[in-house]
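What follows is one structure encoded as structure tokens, with my remarks underneath.
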Amino acid sequence: MTIKNICCIGAGYVGGPTMSVIAQKCPNIKVTVVDINEDRIAAWNHKDLSRLPVYEPGLDKVVEEARGRNLFFSTEVDKAINDADMIFISVNTPTKTYGKGKGMAADLKYIELCARQIARVAKQDKIVVEKSTLPVRTASAIKSILENTGNGVQFQILSNPEFLAEGTAVQDLLHPDRVLIGGDTTQEGQKAIQALVDIYANWIPNERILTTNVWSSELSKLTANAFLAQRVSSINAMSVICENTGADINEVSKAIGMDSRIGPKFLKASVGFGGSCFQKDILNLVYIAKTYGLDEVADYWEQVVLMNDYQKNRFSDNIVSTLYNTVSGKKITFFGWAFKKDTNDTRESAAIKVADNLLSEKANLSVYDPKVTEERIYADLDYLNSRSEEENRKLLKVQNNPYNAIKNSHAIAILTEWDEFKTYDWQKIYDNMHKPAFIFDGRGILDTKALSKIGFICYKIGSATTV
Ligand code: NAD
Ligand code: UDX
């Protein structure tokens, strides 16, 4: 079976970049990415490539090459579904905010709506690919919706979770550690798997394309994110021990990372992990474990999230206690709001929680992030409902220049590890701040020895405070 026409439902951080790379690498396949969000589709079609809705290094070049050739962005969902041989579902699967499983289970309403729409519209047989991250056994629910239309159309459901990380999405898509495809063990299932393998084989070596049954594929995605987040929480748990004992977290990371069984990656202590995936996917795993009555398993994984909450809270607590137990009326500048560098995504960013805590202490915040918009920053805060929108705007100001942002600040907090922060004129910054001038490096990226020489009092996550 050769695929000629792909549709992807969901033009977000995953659907957009993933389909752009497929279109770039498979010029003979027509790829249409659809979304109900008209603004998002308009942004994907924007002539000015700096206005794409997702900022990812290198993405503009990929889109430039394929868009209009065999890559299309559209709001005509029904048409794209009907025309396609293969449909990727890449819609959001946030944590449920209501009803049973509130605050833990994945909200699958968008997935179900897609399945129902496909069932209603499809006139010929199709392969439906789960690209979204889903609880194990979701494929059976999708199958049941698709198979009960009575119109004789046959569907194969594949699970093909996405492992890209934001900020490196294009490189991750071009050179993935592996591509995972789960499908039915029947002959039709195997044919469908092969059709998807053939697409990826256009640029990915065969040995990196792994095929499994559907359930293993669905569960592997949750497992991978749980393991990665667990590493961050583990190193963050050690960072507070370092601060109390005089050990240095970077030295500890290096020492343990040289053990080939542990490995050096994902051992960077931080103010806490963010991003749309880790917390949501672990909570989903916790919920699944609870559903099967596996309370010990649920508690084990939940601790990764609790540790992360602790890390964010202790960062803001430390700012308050270091600034002589009050930040009321003091100006604190945030460098960074995104959940990591090289992305404009702020979902679950540690900066949001730290800001909220400090605003509750009546601090005045000044925020500079090279890629995040003012509108986004206020929306993130307003969403918490901790105080009125007016108060958020009164207490927090967004700046588009770092040197303006720090004027008359009492302290600077590094919330995102943007490279440009390392290149600033820190003497000039010091000169324009209140004294004593404090720096709280939540990402461990600054040379605190050099900063101390200038006169800053420096706190670096996982190290003793230097004066
Ligand atoms: P997103 O919110 O950026 O994008 C989802 C898009 O789907 C939105 O634009 C929304 O308007 C659209 N949508 C929702 N329902 C729709 C419908 N019925 N018809 C058409 N469009 C619809 O989400 P995302 O970050 O791209 O994540 C998508 C999935 O991929 C999630 O399950 C997530 O867990 C998973 N994932 C995300 C990442 C990541 O780094 N963001 C990485 C791997 C996997
Ligand atoms: C993650 C997974 O890495 C990816 O495979 C999956 O597809 C989606 O979820 P993402 O959330 O985009 O990707 O970024 P990631 O690089 O994993 O970082 C997540 C968070 O952990 C960020 O806030 C990051 O700053 C933090 N982190 C990561 C650390 O604090 N320390 C580390 O050593 C690594």
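The values are calculated or read from the model by the stated rules, or taken from the named source; none is laboratory data. All of these numbers come straight from a predicted model, not from anything done at the bench. FYI the Cβ positions are ideal-geometry reconstructions off the backbone, even for glycines, and counts take in every protein chain you see.
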Legend entry - Enumerated strands (runs of 3 or more DSSP E) restricted to region 374-467, each holding at least 3 residues that are under 27 Å from the mean Cα position of the chain (by Cα) and modelled with pLDDT of 95 or more: 396-398, 411-414, 438-441
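Name the one entry in Leu283, Leu196, Leu222 that is buried (at least 19 other Cβ atoms within 10 Å of the Cβ), in a helix (DSSP H, G or I) and in contact with an Asp or Glu (Cβ under 6 Å, 6 or more places away or on another chain). Break it down into steps so the answer makes sense when it comes.
Details: Leu283 fails: in contact with an Asp or Glu (Cβ under 6 Å, 6 or more places away or on another chain); Leu196 fails: in contact with an Asp or Glu (Cβ under 6 Å, 6 or more places away or on another chain).
The unique qualifying residue is Leu222.
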Inset, instruction - Search region 170-189 for residues that are in the same structural domain as Val14 (by TED's automatic domain parsing) and modelled with pLDDT of 95 or more and pair each with any residue that is hydroxyl-bearing (Ser, Thr, Tyr) and part of a helix (DSSP H, G or I) when their beta-carbon atoms are under 7 Å apart and the residues are at least 6 apart or on different chains. - result: Leu173/Thr18; Val179/Tyr200; Leu180/Ser217; Leu180/Ser220; Ile181/Ser217; Gly182/Ser216; Gly182/Ser217
Inset, instruction - List every residue pair whose Cβ atoms lie under 6 Å apart, where the two residues are 6 or more positions apart in sequence or sit on different chains, the first residue falls within region 66-78 and is more than 12 Å from His46 (Cα to Cα) and touching a residue at least 40 places away in the same chain (Cβ under 8 Å), and the second residue, located anywhere, is part of a loop (DSSP other than H, G, I, E, B) and away from ligand 2 (no atom under 16 Å from the Cβ). - result: Asn70/Pro27
Inset, instruction - Filter region 139-158 down to the residues that are of a type in the set (A, V, I, L, M, F, W, C) and not in a helix (DSSP H, G or I), then identify the one that is surrounded by the fewest Cβ atoms within 10 Å (Cβ to Cβ). - result: Val153
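Wholly within region 1-105, which helices (runs of 4 or more DSSP H) include no fewer than the required count, namely at least 1 residues that are within 16 Å of ligand 2 (Cβ to nearest atom) and closer than 30 Å to Gln194 by Cα?
Details: elements: 15-25, 38-44, 59-66, 77-83.
Here the list reads 15-25, 59-66.
Residues checked against (1) of a type in the set (Gly, Ala, Ser); (2) over 18 Å from Ala169 (Cβ atoms); (3) free of Cβ contacts under 8 Å to residues at least 24 places away in the same chain; (4) away from ligand 1 (no atom under 12 Å from the Cβ):
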position: Lys4; (1), (2), (3), (4): no, yes, no, yes
position: Tyr13; (1), (2), (3), (4): no, no, no, no
position: Lys25; (1), (2), (3), (4): no, no, no, yes
position: Ile29; (1), (2), (3), (4): no, yes, no, yes
position: Asp35; (1), (2), (3), (4): no, no, no, no
position: Glu38; (1), (2), (3), (4): no, yes, no, no
position: Pro53; (1), (2), (3), (4): no, no, no, no
Legend entry - Failed criterion for Pro161 (all others in (1) surrounded by fewer than 19 Cβ atoms within 10 Å (Cβ to Cβ); (2) assigned to a loop (DSSP other than H, G, I, E, B); (3) in contact with a strand residue (DSSP E or B) (Cβ under 8 Å, 6 or more places away or on another chain) hold): (1)
